[in-house]
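**Student:** Mind looking over this structure? Questions follow.
The values are calculated or read from the model by the stated rules, or taken from the named source; none is laboratory data. A quick note: this is a predicted structure, and the numbers were derived from the prediction, not measured. Every residue, glycine as well, gets a Cβ built from its backbone with ideal geometry; the counts of neighbours run over all protein chains shown. Side chains are part of the model used for accessible areas, which takes the heavy atoms of the whole protein and leaves out ligands, DNA and RNA. Shrake-Rupley method; radii C 1.70, N 1.55, O 1.52, S 1.80 Å.
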Amino acid sequence: MAANPFGKFGPIAMVAVVQLVVALAAPSTAPNANNTAGYGGGYGSGPGGTSANGQPLGANGQPVGPNGQPLAANGQPVGANGQPVAGSNTQGGTIAGGSAGGSASTASGLGLQKLPGDRSHCVGGRQFDPRLDYYAPPCVPGTPGAAYPNNNGATWRGVTGNTIEVVNYVADYGAEVDQILKAQGLYYNADQAKVWNNAYADFINSHFNLWGRKIHVDTVEGTCRTVPPDNNCLIPEMDRIVSTYKPYAVFWETTVCSQCFAELSRLHVVNFGGGGFSDKFHNANAPYSYDGGESATRIQLQFASWWCAQMAGKKAAFAGTENKTENLRGMTRQLGVVSTNDPDNEATVKEVLYPALKKGCGESVKGHEYFYAQDINTAAQQSATQASQMNTPTNPATSVVCFCDPVAPQFGLGAYKADNYWPESILADNQTMDFDSNGQTYSNSKDNGDTVACPNGGNCPYDSTIGLGSSDPQTAPDNSAAVKIWKLQSHGKPPPIAAATLQIVWNDYSMFASLLENAGPLLTPSRMQAAAPELGMRGGGTTNMPLRGFRPNDWCWTKDVRVVYWNKAKTSPYNGQPGSYVQIEGQRFDMNFPSLAQPPAPAPEDRH
């Protein structure tokens with residue numbers, strides 16, 4: 001059976017071999033000039049099957065709609081003169097149905113508000129009760145789930161007058177990993193995924209207005225090795241999925257194989273669930289590529305802004321004092337950076353983070369950088385090399401930030417402790433390292449020495465952590481939108497997978513369903529992306545919820561962060577176990593961090 005060990009957020013707690021396999025042998029590789037033709041040039045206009053967008057072709061080779069109406073390359077109806085029909089949209093023009101208006105069959109974005117229809121289902125201006133999900137989209141007229149008189153029928157591959165085809169891909173992580181995950185209670189397979197796919201599809205179809213259509217989710221079990229990933233198998237598997245299911249969209253919750261997402265984009269298939277990539281990657285793959293989290297570009301720009309406003313040029317007040325011969329706390333901060341050597345990840349650090357630090361406060365890592373290969377066979381040696389690269393004999397890094405998945409820090413932190421190296425552990429996270437349930441695996445919160453990052457008990461390098469987290473604060477599972485909606489649809493049954501995992505799954509589905517609704521009746525990827533910014537922003541500031549929405553050329557849903565520190569003694573509201581993040585500074589921030597002498601957090605030894 002295939003199994004997916006929690007996709008991009010990884011196993012929450014597991015033995016060392018699983019952490020090694022998932023963190024270091026499942027790389028997140030972005031396309032580049034050598035492995036994916038056209039990276040940086042975009043995938044919006046290349047060939048994909050028999051037509052550029054999966055549409056039927058007319059006698060002259062022109063894509064046509066179900067009624068024979070010629071369509072432009074962007075899916076818009078055109079007249080005999082090749083010009084857009086009234087109310088349609090052109091690339092770079094106004095959004096149909098927005099400020100320019102639009103008919104009942106072509107409206108989108110803000111233009112949907114001008115349509116007639118029932119609004120009795122709406123609550124507080126949202127499409128459904130925001131007490132179920134804070135991110136319920138803006139109310140639109142019309143009865144959810146009802147037929148729509150003219151939705152233009154088959155507007156794109158995977159779209160008919162009554163269906164939107166979606167594939168959820170569940171990867172195969174191998175028998176050895178599966179067995180360990182089962183022993184830890186962390187395994188799920190395609191059959192289990194099908195259960196929550198059905199529940200969430202039913203909720204979307206009954207609460208979102210999809211203009212006479214309903215999403216249909218096919219859960220597809222992968223056949224390729226993904227630990228380590230076999231791209232020569234995985235990429236053709238994406239091709240077979242598109243050929244077999246002809247989906248409008250593919251959902252795969254992972255950081256593995258960004259080439260796979262680029263291939264789906266090349267085939268003109270909307271894709272979401274691939275996390276940890278840069279804005280450059282998403283724009284190269286527009287209008288098909290989305291992520292419910294925050295982009296690598298944005299989190300690194302935010303980190304540079306925060307570092308320069310509150311940390312740079314000051315004493316390393318949060319460093320550990322365990323090594324009496326190396327008083328890092330008494331030194332002026334020197335930043336060190338750890339990331340993968342994936343081309344997209346490494347390029348983002350060098351082309352986004354470093355220039356931002358130099359411009360903002362004249363900071364440089366001065367050689368304290370380590371880009372690790374995601375290779376299980378060299379993990380131990382790489383961890384030791386990483387520690388030596390940070391803890392240099394002269395001018396050691398007093399503060400180390402890891403732009404990592406939530407499992408990889410285990411090994412670096414373990415090597416730091418073995419090296420008696422106690423720098424400030426700096427968080428700048430867009431991949432759920434800022435979940436309490438993940439932080440508990442980095443720290444010896446239970447004082448029993450059961451974590452790879454801190455195997456011998458006592459104080460742990462992660463105890464000094466302070467920084468930025470982009471995720472929702474973890475709450476009791478029953479208070480999460482994912483579990484509320486699951487229980488509503490399942491009539492109170494317990495969730496099929498861990499609530500933390502289920503919340504990430506629902507966040508992506510909520511984003512996707514909102515995009516579908518906002519695109520209006522004439523559904524194409526181009527129109528969906530053009531209208532996306534008109535969904536508006538929600539959350540941020542003092543709401544205690546992430547700021548979410550879209551801006552032009554910014555296709556990752558989450559936009560802001562909270563400033564937090566780790567307290568290994570605080571009880572987590574998520575699971576009742578010791579170890580929780582404490583939010584400080586009173587609100588969430590985008591780039592508007594206040595200038596402070598130091599962040600208002602206690603020293604590690606005073607976090608009780």
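**Student:** From the list GLU294, GLU322, pick out the single residue that is under 17 Å from the mean Cα position of the chain (by Cα) and assigned to a loop (DSSP other than H, G, I, E, B).
**Tutor:** Testing whether each residue is under 17 Å from the mean Cα position of the chain (by Cα) and assigned to a loop (DSSP other than H, G, I, E, B) leaves just GLU294.
**Student:** Looking at the range 530-547, which of its residues are open to solvent by 10 Å² or more (accessible area, probe 1.4 Å) and out of contact with any Leu (no Cβ under 8 Å at 6 or more places or on another chain)?
**Tutor:** ALA530, PRO533, GLY536, THR542, THR543, ASN544, MET545, LEU547
**Student:** Right, here's the next one. I need the full set of residues from the range 217-259 which are under 24 Å from PRO287 (Cα atoms) and of a type in the set (A, V, I, L, M), in order please.
**Tutor:** VAL217, VAL220, LEU234, ILE235, MET238, ILE241, VAL242, ALA249, VAL250, VAL256 - these are the residues of the range 217-259 that are under 24 Å from PRO287 (Cα atoms) and of a type in the set (A, V, I, L, M).
**Student:** Continuing with this model, one more query. Looking at the range 588-604, which of its residues are within 26 Å of the chain's Cα centre (by Cα) and open to solvent by 60 Å² or more (accessible area, probe 1.4 Å)?
**Tutor:** MET591, ASN592
**Student:** Against the condition assigned to a helix (DSSP H, G or I), polar (S, T, N, Q), at pLDDT 95 or above and more than 19 Å from the chain's Cα centre (by Cα), how does ASN507 come out, does it pass?
**Tutor:** no
**Student:** Next question, about the same structure. Do any residues in the range 486-513 that are within 14 Å of GLN474 (Cα to Cα) have Cβ atoms under 6 Å from those of residues that are assigned to a helix (DSSP H, G or I) and open to solvent by less than 10 Å² (accessible area, probe 1.4 Å), where the two are at least six apart or on different chains, and which pairs are they?
**Tutor:** ALA499/VAL483; ALA500/SER437; LEU502/ALA482; GLN503/ALA482; ILE504/PHE9
**Student:** Which residues, counting only those in the range 157-174, are modelled with pLDDT of 95 or more, assigned to a strand (DSSP E or B) and open to solvent by 20 Å² or more (accessible area, probe 1.4 Å)?
**Tutor:** THR163, GLU165, listed by residue number.
**Student:** Please go through (1) out of contact with any Leu (no Cβ under 8 Å at 6 or more places or on another chain); (2) surrounded by 24 or more Cβ atoms within 10 Å (Cβ to Cβ); (3) more than 23 Å from PHE277 (Cβ to Cβ); (4) not aliphatic (A, V, I, L, M) for PRO409 and return the number of the only condition it doesn't satisfy.
**Tutor:** (3)
**Student:** Here are some conditions: (1) of a type in the set (A, V, I, L, M, F, W, C); (2) modelled with pLDDT of 90 or more; (3) more than 27 Å from GLY330 (Cβ to Cβ). ALA387 meets all but one. Which one does it not meet?
**Tutor:** (3)
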